[in-house]
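In what follows, a single structure is set out as structure tokens and then discussed.
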Ligand SMILES: [Zn+2]
């Protein structure tokens with residue numbers, strides 16, 4: 001059973017390869033990303049992976065000027081909640097878009113941010 005569940009590890013492996021994958025609840029149809037163990041809508045655990053195109057638009061954003069420990073050299077940077085065209089929202093780091101160009105509804109596109117073994121969710125210009 002667990003073999004059919006998209007794990008967070010697999011989610012980031014796919015993201016590293018440039019593929020964004022969500023999961024859809026087989027019971028109620030809720031779409032979720034990143035993977036969750038149980039459906040937040042109906043509490044079932046009946047997920048099927050869904051490939052996502054990676055295109056969306058900014059819902060809200062924040063410029064991080066004081067970064068978490070160990071990431072100080074990366075600040076300032078912007079993080080945004082992006083609503084994908086498929087209707088699900090995801091937090092990611094904004095790359096290659098000037099801060100003063102950031103606004104709600106700005107179209108963006110997913111891109112993986114790979115640093116060594118780490119993969120993070122990024123969004124660049126659409
Ligand atoms: Zn559900």
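Where a number appears in this text, it was derived from the coordinates with a stated rule and is not lab data. It should be emphasised that the depicted structure is a prediction, and the values quoted were computed from it without experimental measurement. Using ideal geometry, Cβ is built from the backbone for each residue, glycine included, and neighbour counts are taken over all protein chains shown.
Residues in the range 7-58 that are under 28 Å from residue 104 (Cα atoms), outside any loop (DSSP other than H, G, I, E, B) and within 8 Å of the ligand (Cβ to nearest atom): there are none. The residues listed here are 45, 69, 83, 65; of these, the one that is on the phi < 0 side of the Ramachandran plot and touching a strand residue (DSSP E or B) at 6+ places or on another chain (Cβ under 7 Å) is 83.
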